[in-house]
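Novice: There's a structure below that I have some questions on.
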Amino acid sequence: MSHENVFDIVRELKELRSLGESVAAKANMLLNVVGHPVDRILAREQEHELQVPEAESRREAELMLEYLLEQVASKTYAGSYLLENGPDKRLLVKLSDLVELYVAHSGRRIVNTRFLKQWLFRRGLLSLARNGQPLEVEKTLGGRRCGHMVGIVLSRIKASA
């Protein structure tokens, strides 16, 4: 039995588990009889799913940041944002808006909001709260409340490149 067939069976098994334990138990028995322990197959499938998009995700996050900066610079960014002047000039942005707009622009969705925030944090581009975690800001923009905004420190972008 090829690995592709086994992965297909595992995917079907995941769907069967929602139908009931007896069906899932029979499917588990079938896979174990064939000589492919289900837990090992599931672990291998999850590992495969995580490895493939990791490099793509990092590149996609870079492209999203470039897209954001280009759109803000040309004053065409349709999402919630605010440029703040201060000791560290920062761009406050709602990452969920960025992800949605980027997907509409590019037609690709590899990166979710959570991954993008973690990527920006690891690169040292976000304003931090006293506890060392990314600072979430709430602002009113155009009479509308915008919560869960993060501050991207613009001077750090060049330094981290």
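The values are calculated or read from the model by the stated rules, or taken from the named source; none is laboratory data. Every value quoted in this text rests on a predicted model; they were computed, and no experiment measured them. Note: ideal-geometry Cβ built from the backbone for every residue, glycine included; neighbour counts use all protein chains shown.
Novice: One residue is enough: does region 151-158 have a residue meeting the conditions among the β-branched types (Val, Ile, Thr), modelled with pLDDT under 90, out of contact with any helix residue (DSSP H, G or I) (no Cβ under 9 Å at 6 or more places or on another chain) and surrounded by fewer than 18 Cβ atoms within 10 Å (Cβ to Cβ)?
Specialist: From region 151-158, those among the β-branched types (Val, Ile, Thr) are 152-153, 157; that's our starting set.
Remaining after also requiring modelled with pLDDT under 90: 157.
With the extra rule that they be out of contact with any helix residue (DSSP H, G or I) (no Cβ under 9 Å at 6 or more places or on another chain), the set shrinks to none.
For region 151-158, residues among the β-branched types (Val, Ile, Thr), modelled with pLDDT under 90, out of contact with any helix residue (DSSP H, G or I) (no Cβ under 9 Å at 6 or more places or on another chain) and surrounded by fewer than 18 Cβ atoms within 10 Å (Cβ to Cβ): absent.
Novice: Under 6 Å by Cβ, and 6 or more places apart or on different chains, what pairs join a residue from region 103-124 that is among the small types (Gly, Ala, Ser) with one that is modelled with pLDDT under 90 and surrounded by 15 or more Cβ atoms within 10 Å (Cβ to Cβ)?
Specialist: What qualifies is Gly124/Arg156.
Novice: Assess whether Gly107 counts as being loosely packed, with under 14 Cβ neighbours inside 10 Å and under 22 Å from Lys158 (Cα atoms).
Specialist: Criteria not met by Gly107.
Conditions (1) exposed (fewer than 12 other Cβ atoms within 10 Å of the Cβ); (2) outside any helix (DSSP H, G or I); (3) at negative phi, marked per residue:
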site	(1), (2), (3)
Arg58	no, no, yes
Ala61	no, no, yes
Leu83	yes, yes, yes
Val93	no, yes, yes
Tyr102	no, no, yes
Val111	no, yes, yes
Phe121	no, no, yes
Val137	no, yes, yes
